[in-house]
Amino acid sequence: MLRSHGNAVALAALAVVLVQMPTQAAAQAAPAPQDAATPDAAANTAAPASDIVVTGTRIAVPGLTASSPVASTSEQQIRLQSALTIEDFSTKLPQLSGGVRQGSQGSDAFGAQVLELRNFGQSRSLVLIDGTRAAPFSFRNSVDVNSIPASLIKRTDVLTGGAAAVYGADAVAGVVNFILNDEFEGVRGSAVGRLSTNGGAQYGASIMVGAGLGSRGHVVIAADYTQRDLIVAGQRDWAATPNQTIPSIGGVFTDVASGRRFGFTDAGDFTTNPTATSNLSARYPLVSPLKRINVAALYKYELAPAVELYGRAMYTNTRTSETGTPGATPASVNRTVSISATNPFLTDAIRSQLTFVNGAAQVNVARSLAELGLVTFNTERDIYQFQGGLRGPLTDAIRWNVYAQYGRSTEGTVVTGDGLVANAAGANNFASVVNTVDIFGPNRPGIVAALGSPINGFNRKRDQFVAAATVNGSLEELFSLPAGPIGFAAGVEYRRETANVTQDTALLTGNTYRQGVQAAYTGQFDVKELYGELLVPLLHDLPLIRKLSAGGAYRLSDYNLFGTHGTWKVEGNWEVDRNLRLRGTYQRVLRTPNFGEFAGGVSSLPFSSLVTVDRLKPRYGGDPCVLGTGNQAQCQRLGAPAVGSANSTAPAYLTGNYFYGGNPDLKPETGFTTTAGAVFTPTFLPGLNVTVDWYQLDLKGAVGVIQPVAAITSCYITNPSADNPLCGLVTRNADGTFKDAFVNNQNLGRLLQRGLDITASYTVRGDWVPGKGVRLGYAGNVVTSYTIQANPTVSAVQCKGTFGATCSSDGTTLVQPAYRHTAGAGLLLDKGVIQFDWIRIGKVRSSAAGSSETLPAQNLFDLSASYDFVPGITMTAGVYNIADKQPPRVTTGGVFNTFPDTYDILGRTIGLSLTARM
């Protein structure tokens with residue numbers, strides 16, 4: 001692993017190179033997302049037939065037009081965002097909903113960025129690098145896209161509509177394919193900084209070297225360093241949470257014999273009228289600090305006239321600190337202990353409140369152990385992937401390709417801010433030290449040494465091995481149809497994945513203040529696959545049929561754990577004339593359960609965490625029977641308290657545990673995706689390109705959990721029947737308060753989404769236009785319907801244009817806008833471009849039963865420019881979120897009053913980059 005010393009040396013060397021390097025990269029106008037019909041349309045560069053990369057198909061023939069809708073982000077667009085990480089530009093793509101981001105506090109991603117398409121869950125979006133699988137991390141099918149060097153990306157393709165028959169399982173909502181620049185020549189260095197005017201910064205540098213290996217090969221080596229500063233909630237006014245309290249940091253003490261109460265204020269003053277709570281939320285992290293190093297090499301070399309060796313090697317080291325699943329809330333105690341009359345820390349004021357019997361007083365102590373600090377997960381993750389392959393022409397029209405790749409992710413997490421409840425002999429640690437350590441008042445230094453204990457939180461290892469062989473091309477050397485030769489691709493693939501998660505004994509036994517009971521597990525699966533594609537040209541050069549083709553694909557997958565399954569697609573492409581092309585696909589898709597879903601053991605957190613941990617609050621909304629919103633007959637039937645008789649959102653109301661974990665009996669998710677669209681390229685308006693694509697994603701047997709809020713709502717509000725099976729997922733105590741919640745994974749219900757993707761681009765040129773022209777672009781997504789049926793026994797919920805946990809398919813992204821877009825205008829200059837962008841996220845309403853809360857539409861505006869000052873030197877500058885728009889405030893269910901998975905939480909940000917090339 002790379003450590004701090006190594007990082008410093010690497011940065012120093014990079015700085016020297018940057019200072020001495022005379023370089024440049026010409027920035028062009030940022031094109032709008034396009035129909036990636038051909039490699040030229042997608043990348044704006046010519047490429048030999050052997051290097052064609054069209055996302056969504058493995059068929060490589062000249063002039064291929066894509067039947068699936070693909071939106072592309074070019075290298076120039078990425079640079080105009082002063083992008084240091086994938087998140088810096090991916091969050092502005094309307095097809096990408098939320099996923100895990102830098103503000104996803106309480107996540108188990110530990111500093112990773114995870115993409116999510118269509119609000120369908122992070123495990124249902126497949127991430128590729130040059131058309132092959134990226135290495136996953138953790139226990140999901142997710143990829144930390146921060147492991148891909150932003151400086152090496154030539155373009156990013158987002159295919160929505162499913163692609164399981166072409167790429168295999170997990171491509172349910174679609175594919176994000178990162179195309180890397182394996183043809184780069186020369187030396188290029190960049191230094192980039194992004195500074196928020198409200199506090200917080202991100203900065204880094206990169207260097208890339210590319211050279212030919214004689215006339216037979218090429219190699220590209222890139223290295224990136226990125227650092228992101230910590231931002232705490234107190235640095236953003238909108239993040240203030242005065243009601244997010246914890247037990248008093250000074251302590252509340254109750255003499256059991258007399259009932260007298262005393263305590264200490266947050267400032268340390270003694271009082272006989274103590275306040276039971278304190279608020280440290282301003283110290284809680286809003287954006288996690290990050291240090292990341294990426295190193296990558298791409299290579300290809302002609303071993304013989306028909307054999308080329310190629311591949312890549314990638315390594316990423318990431319270090320971050322974040323709150324982890326329990327949240328940042330400090331550890332606390334609420335325990336009756338024996339205070340000795342000889343305790344050296346008793347003042348006269350304290351002694352006067354205690355009743356000593358036989359030299360000891362029984363005292364209930366309720367206080368936060370804030371001296372230990374906030375609960376923080378300090379994680380270091382290493383991800384590497386090696387790929388090697390051979391490829392070449394079999395004939396002039398057919399190519400072959402054989403490759404193998406291996407990827408591994410390892411991460412270790414040390415938890416600080418927590419401690420052990422009991423020692424090795426089973427004695428309570430706090431009770432053991434109350435007479436030797438000062439516990440009276442805040443900021444007692446002895447508590448750290450006595451009770452603090454770094455915990456080896458999570459050690460996670462994920463391995464992936466893939467081997468594949470393909471042939472593709474056309475049958476033109478055997479025969480051709482009147483409309484042209486048949487294109488094809490066929491291949492075999494083997495994939496094996498393993499995962500291993502271990503924890504500290506204290507986590508396995510629940511012997512910590514904040515972590516609950518965690519479960520270690522290990523798992524593995526493998527799959528053998530056969531697949532094939534055909535593209536058949538049917539008609540051409542007829543009235544109303546300039547070109548008409550049909551195609552299909554089939555993949556047969558044999559899993560050792562999940563059985564044998566077939567996925568397929570059919571597609572059509574009809575070019576009416578030079579003005580209009582129609583396209584469509586219909587596919588069967590599949591996703592196998594991830595390791596956490598099928599191999600994870602049963603873990604638990606205190607049920608009360610759902611009201612004390614901000615991230616978990618969307619999973620519980622109170623007891624409808626107490627709030628008065630529930631069906632009274634059902635409430636009486638199940639022994640609930642009367643209306644208004646208790647505070648059902650108090651931690652004491654949730655007495656038991658929140659149990660969650662895997663299920664070895666899970667089956668794969670299956671479904672169908674449909675797309676139908678049109679591409680308009682009117683000859684009367686050269687340069688205009690408009691695409692409109694309708695899509696439908698229909699997934700059945702979706703793996704998921706029924707959160708307490710959904711189970712309680714169903715049981716007591718929407719389906720208050722005596723035999724409702726969801727009632728048993730949240731149990732009650734004899735006094736009617738809630739006891740336990742059970743949320744293990746199951747094949748539950750159905751996700752069904754319909755919508756439209758619309759893109760347009762147009763370049764205006766002429767003597768009356770300033771500069772060299774104006775480039776206009778638009779990319780929008782309209783969701784016409786999105787229903788989630790959590791369980792076959794309950795009705796589907798319409799989630800279009802909503803926010804909240806009720807309408808989250810996997811508990812990650814909590815906002816489902818019905819409309820979002822990115823629109824822009826670029827002024828083309830002789831040596832650069834000035835770009836203005838408008839990002840809009842539509843209005844949403846609460847998905848909680850009975851709520852009328854809405855969040856207004858959000859509009860952000862960016863202004864950026866790139867200019868070649870001298871040959872070889874380019875400067876890019878931008879102001880993002882010009883108006884310093886704050887995220888919308890939500891009353892319940894958000895994190896720091898908003899949803900960082902969707903909305904910008906940095907505020908106005910200034911970006912600056914300097915690129916040099918020679």
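Considering only region 672-693, I want to know if a residue exists there that is acidic (Asp, Glu) and closer than 30 Å to ALA499 by Cα. First the steps, then the outcome.
Let us first name the residues in region 672-693 that are acidic (Asp, Glu), namely 693.
Subset that is closer than 30 Å to ALA499 by Cα: none.
No, there is no match, as no residue in region 672-693 is acidic (Asp, Glu) and closer than 30 Å to ALA499 by Cα.
Do we have GLY161 as of a type outside the set (Asp, Glu) and touching a His at 6+ places or on another chain (Cβ under 8 Å) here?
On the way: of a type outside the set (Asp, Glu): yes; touching a His at 6+ places or on another chain (Cβ under 8 Å): no.
Criteria not met by GLY161.
Applying the selection to region 509-534, what residues are crowded, with 16+ Cβ neighbours inside 10 Å, farther than 22 Å from PRO668 by Cβ and modelled with pLDDT under 95?
Those that are crowded, with 16+ Cβ neighbours inside 10 Å, farther than 22 Å from PRO668 by Cβ and modelled with pLDDT under 95: GLY510, ASN511, THR512, TYR513, ARG514, GLN515, GLY516, VAL517, GLN518, ALA519, ALA520.
Could you check region 587-637 and list, in sequence order, the residues that are free of Cβ contacts under 8 Å to residues at least 60 places away in the same chain, of a type in the set (S, T, N, Q) and farther than 19 Å from ILE706 by Cα?
Here is the first cut: in region 587-637, the ones free of Cβ contacts under 8 Å to residues at least 60 places away in the same chain are 608, 611, 622, 626-628, 632, 636.
Within this subset, residues satisfying the condition of being of a type in the set (S, T, N, Q) are 608, 632, 636.
Scanning region 587-637 gives GLN632, GLN636.
Please determine, by comparing only the residues of region 443-497 that are assigned to a strand (DSSP E or B), among the β-branched types (Val, Ile, Thr) and in contact with a Gly (Cβ under 9 Å, 6 or more places away or on another chain), which one is nearest to THR395 (Cα to Cα).
Going residue by residue through region 443-497, those that are assigned to a strand (DSSP E or B) are 452, 455-474, 481, 484, 487-497.
Those still in the list that are among the β-branched types (Val, Ile, Thr) too: 455, 466, 470-471, 492.
With in contact with a Gly (Cβ under 9 Å, 6 or more places away or on another chain) added as a condition, the list becomes 455, 466, 470-471.
Values: ILE455: 60, VAL466: 26, THR470: 14, VAL471: 11 Å.
Among them, the one singled out is VAL471.
Any idea which of (1) more than 18 Å from ARG292 (Cβ to Cβ); (2) touching a Phe, Trp or Tyr at 6+ places or on another chain (Cβ under 9 Å); (3) crowded, with 18+ Cβ neighbours inside 10 Å is the one PRO247 doesn't satisfy?
(2)
Could you figure out which of (1) within 25 Å of the chain's Cα centre (by Cα); (2) under 30 Å from PRO69 (Cβ atoms); (3) not in a loop (DSSP other than H, G, I, E, B) isn't true of ARG615?
It is condition (2) that ARG615 fails.
Is there a residue in region 238-251 that is farther than 30 Å from PHE440 by Cα and out of contact with any His (no Cβ under 7 Å at 6 or more places or on another chain)? So that I can check it myself, show each step before the final result.
Narrowing region 238-251 to residues farther than 30 Å from PHE440 by Cα: 238-239.
Filter once more, keeping what is out of contact with any His (no Cβ under 7 Å at 6 or more places or on another chain): 238-239.
Yes; the residues of region 238-251 include at least one that is farther than 30 Å from PHE440 by Cα and out of contact with any His (no Cβ under 7 Å at 6 or more places or on another chain).
Give the residue that is nearest to GLY566 (Cα to Cα), with candidates limited to residues of region 468-502 that are surrounded by 18 or more Cβ atoms within 10 Å (Cβ to Cβ) and acidic (Asp, Glu).
The extreme case among them is GLU493.
Name every residue in region 507-541 that is outside any strand (DSSP E or B) and within 29 Å of the chain's Cα centre (by Cα), in order of residue number.
Going through region 507-541, the residues outside any strand (DSSP E or B) turn out to be 507-511, 513-516, 518-520.
Scanning region 507-541 gives LEU507, LEU508, GLY510, TYR513, ARG514, GLN515, GLY516, GLN518, ALA519, ALA520.
Tell me whether region 289-302 contains one or more residues that are free of Cβ contacts under 8 Å to residues at least 12 places away in the same chain and surrounded by fewer than 21 Cβ atoms within 10 Å (Cβ to Cβ).
No, every residue in region 289-302 fails to be free of Cβ contacts under 8 Å to residues at least 12 places away in the same chain and surrounded by fewer than 21 Cβ atoms within 10 Å (Cβ to Cβ).
Any chance you could count how many residues in region 305-324 are of a type in the set (A, V, I, L, M) and under 30 Å from THR376 (Cβ atoms)?
Taking region 305-324 as the starting set, the residues that turn out to be of a type in the set (A, V, I, L, M) are 306-307, 309, 313-314.
Going one step further and asking which of them are under 30 Å from THR376 (Cβ atoms), we end up with 314.
Count: 1.
For region 233-277, give me each residue that is assigned to a strand (DSSP E or B) and either at pLDDT 95 or above or closer than 23 Å to ASP904 by Cβ (or both).
Our first condition is that a residue be assigned to a strand (DSSP E or B); within region 233-277, this holds for 246-247, 252-255, 261-264, 270-271, 277.
Residues satisfying the conditions are VAL252, PHE253, THR254, ASP255, ARG261, PHE262, GLY263, PHE264, PHE270, THR271.
Considering only residues of region 543-583 that are acidic (Asp, Glu) and within 37 Å of the chain's Cα centre (by Cα), which is nearest to ASP693 (Cα to Cα)?
GLU571
Has region 88-105 got at least one residue that is touching a Leu at 6+ places or on another chain (Cβ under 7 Å) and part of a strand (DSSP E or B)?
Within region 88-105, one or more residues are touching a Leu at 6+ places or on another chain (Cβ under 7 Å) and part of a strand (DSSP E or B).
Do we have ASP614 as at pLDDT below 95 and either among the basic types (Lys, Arg) or over 19 Å from LEU729 (Cα atoms) (or both) here? Walk me through it before giving the result.
Working: at pLDDT below 95: yes; either among the basic types (Lys, Arg) or over 19 Å from LEU729 (Cα atoms) (or both): yes.
Answer is yes for this residue.
Does LEU481 meet the test of being of a type in the set (A, V, I, L, M) and under 30 Å from ASP108 (Cα atoms)? I'd like the intermediate steps shown before the answer.
Numbers: of a type in the set (A, V, I, L, M): yes; under 30 Å from ASP108 (Cα atoms): no.
Taking the combined requirement at face value, the residue does not satisfy it.
Scanning region 348-383 for residues that are assigned to a helix (DSSP H, G or I) and charged (D, E, K, R), which turns out farthest from GLY251 (Cα to Cα)?
Step by step, filter region 348-383, then rank; the result is ASP348.
Name the residue, out of ASN443, ASN459, ASN401, that is surrounded by fewer than 16 Cβ atoms within 10 Å (Cβ to Cβ), in contact (Cβ under 8 Å) with a residue 40 or more places away in the chain and touching a strand residue (DSSP E or B) at 6+ places or on another chain (Cβ under 6 Å).
Details: ASN443 fails: touching a strand residue (DSSP E or B) at 6+ places or on another chain (Cβ under 6 Å); ASN401 fails: surrounded by fewer than 16 Cβ atoms within 10 Å (Cβ to Cβ).
None of the others qualify; the one that does is ASN459.
Among SER196, SER206, which is on the phi < 0 side of the Ramachandran plot, touching a helix residue (DSSP H, G or I) at 6+ places or on another chain (Cβ under 7 Å) and either at pLDDT 95 or above or buried (at least 21 other Cβ atoms within 10 Å of the Cβ) (or both)? I'd like the intermediate steps shown before the answer.
Values: SER196 fails: touching a helix residue (DSSP H, G or I) at 6+ places or on another chain (Cβ under 7 Å).
None of the others qualify; the one that does is SER206.
Would you mind telling me which numbered condition in (1) touching a helix residue (DSSP H, G or I) at 6+ places or on another chain (Cβ under 8 Å); (2) under 26 Å from GLN202 (Cβ atoms); (3) not aromatic (Phe, Trp, Tyr) VAL287 fails?
(1)
Restricting to region 779-808, give me the number of residues that are of a type in the set (Phe, Trp, Tyr) and either surrounded by fewer than 20 Cβ atoms within 10 Å (Cβ to Cβ) or farther than 12 Å from ARG750 by Cα (or both). Steps first, answer last, please.
We begin by selecting, within region 779-808, every residue of a type in the set (Phe, Trp, Tyr); these are 786, 803.
Keeping just the survivors that are either surrounded by fewer than 20 Cβ atoms within 10 Å (Cβ to Cβ) or farther than 12 Å from ARG750 by Cα (or both) gives 803.
Residues in region 779-808 being of a type in the set (Phe, Trp, Tyr) and either surrounded by fewer than 20 Cβ atoms within 10 Å (Cβ to Cβ) or farther than 12 Å from ARG750 by Cα (or both): 1 in total.
Rundown of residues vs (1) among the hydrophobic types (A, V, I, L, M, F, W, C); (2) out of contact with any Gly (no Cβ under 7 Å at 6 or more places or on another chain), yes/no style:
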{"site": "ALA818", "(1), (2)": "yes, no"}
{"site": "SER846", "(1), (2)": "no, no"}
{"site": "ASP884", "(1), (2)": "no, no"}
{"site": "THR898", "(1), (2)": "no, yes"}
{"site": "SER913", "(1), (2)": "no, yes"}
{"site": "ALA916", "(1), (2)": "yes, no"}
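Checking the condition of a type in the set (A, V, I, L, M) and modelled with pLDDT under 85, which residue from VAL764, VAL774, VAL794, VAL782 passes? Let's see the steps before the verdict.
Details: VAL764 fails: modelled with pLDDT under 85; VAL774 fails: modelled with pLDDT under 85; VAL782 fails: modelled with pLDDT under 85.
Just a single option satisfies the conditions, and that option is VAL794.
Quick check on GLU371: is it of a type in the set (Asp, Glu) and in contact with an Asp or Glu (Cβ under 7 Å, 6 or more places away or on another chain)?
Answer is no for this residue.
Listed here are the residues, each with its yes/no results for (1) surrounded by fewer than 18 Cβ atoms within 10 Å (Cβ to Cβ); (2) in a strand (DSSP E or B); (3) of a type in the set (A, V, I, L, M, F, W, C).
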residue	(1), (2), (3)
GLY662	no, no, no
GLY677	no, yes, no
ASP693	no, yes, no
LEU699	no, yes, yes
ILE712	no, no, yes
LEU756	yes, yes, yes
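Identify, from the list THR592, THR649, the residue that is of a type in the set (Ser, Thr, Tyr), surrounded by 17 or more Cβ atoms within 10 Å (Cβ to Cβ), closer than 30 Å to ALA164 by Cβ and touching a helix residue (DSSP H, G or I) at 6+ places or on another chain (Cβ under 9 Å).
Values: THR649 fails: closer than 30 Å to ALA164 by Cβ.
It is THR592.
Which residue, of GLY687, GLY671, is of a type in the set (Gly, Ala, Ser) and part of a strand (DSSP E or B)? Before the answer, list the steps.
Values: GLY687 fails: part of a strand (DSSP E or B).
The conditions single out GLY671.
Scan region 355-364 residue by residue and report those that are under 25 Å from ILE246 (Cβ atoms) and either of a type in the set (Gly, Ala, Ser) or crowded, with 21+ Cβ neighbours inside 10 Å (or both).
Residues of region 355-364 under 25 Å from ILE246 (Cβ atoms): 362-364.
Result: VAL363, single match.
The values are calculated or read from the model by the stated rules, or taken from the named source; none is laboratory data. This one's a predicted model, so the numbers in the text were calculated from it and none came from an experiment. Don't worry about glycine lacking a Cβ; one is built from the backbone with ideal geometry, like all the others, and counts go over all protein chains shown.
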